[in-house]
Amino acid sequence: MMRQQQGSSLIEILVAVLIFAIGLLGVAGMQVYSLKMNANSHIRTQANLLAQDMVERMRSNPFQRGAYAMSFSECTTAVTGNPSSADIAASDRRNWCRQLDRNLPAGQGSVDVDNGLVTITVRWQERAGREQVDGNGNGTGSEQSSHQFVIRARLDNA
């Protein structure tokens, strides 16, 4: 007389559920990675738009292009009264620095003007996604990575 095996279908179901759960974890990991890359893409788009914005500001004030030159650490004060074209350049620089600070994490910018060629560099920080852990297994903050976007444009002579 043959005896039937009992419980084999239960083991098969448990193995199938385990494989399915591992697959769901993989999908969740890809979704988290996708969201992070989407956020980074948004930041890079903002950097591009801000650099283009400065080029257009310089094109709209052709007689003061040299006044737009600045290093990463410079941001000017507000303009009051009846502004001259140099004051407009100073106001543009200040507003641009303010936009960098508002739209990019640790955003900084520099403008280099050489005759009709302008080089605009925008820098920012992004989370690298790797959490640092101390000896007790506690998170100590996330690692930062520095990025920059450089645009070079030739401006028509004023």
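Would you check which residues across region 59-74 are part of a helix (DSSP H, G or I) and closer than 12 Å to THR121 by Cα and list them? Correct list: empty.
GLN108 meets all of the listed conditions (1) exposed (fewer than 11 other Cβ atoms within 10 Å of the Cβ); (2) closer than 16 Å to VAL150 by Cα but one, namely (1).
Residues of region 42-50 include none that is modelled with pLDDT of 90 or more, crowded, with 17+ Cβ neighbours inside 10 Å, closer than 21 Å to SER145 by Cβ and in contact with a His (Cβ under 7 Å, 6 or more places away or on another chain).
Flag not set for SER71, criterion: surrounded by fewer than 17 Cβ atoms within 10 Å (Cβ to Cβ), closer than 28 Å to GLY116 by Cβ and modelled with pLDDT under 85.
Determine whether region 26-34 contains at least one residue that is out of contact with any Ser or Thr (no Cβ under 7 Å at 6 or more places or on another chain) and surrounded by 12 or more Cβ atoms within 10 Å (Cβ to Cβ). No, because not a single residue in region 26-34 is out of contact with any Ser or Thr (no Cβ under 7 Å at 6 or more places or on another chain) and surrounded by 12 or more Cβ atoms within 10 Å (Cβ to Cβ).
The values are calculated or read from the model by the stated rules, or taken from the named source; none is laboratory data. Computed from a prediction, not measured in an experiment: that's the story for all the values here. Reconstructed Cβ throughout: ideal geometry from the backbone, glycine too, with neighbour counts over all protein chains shown.
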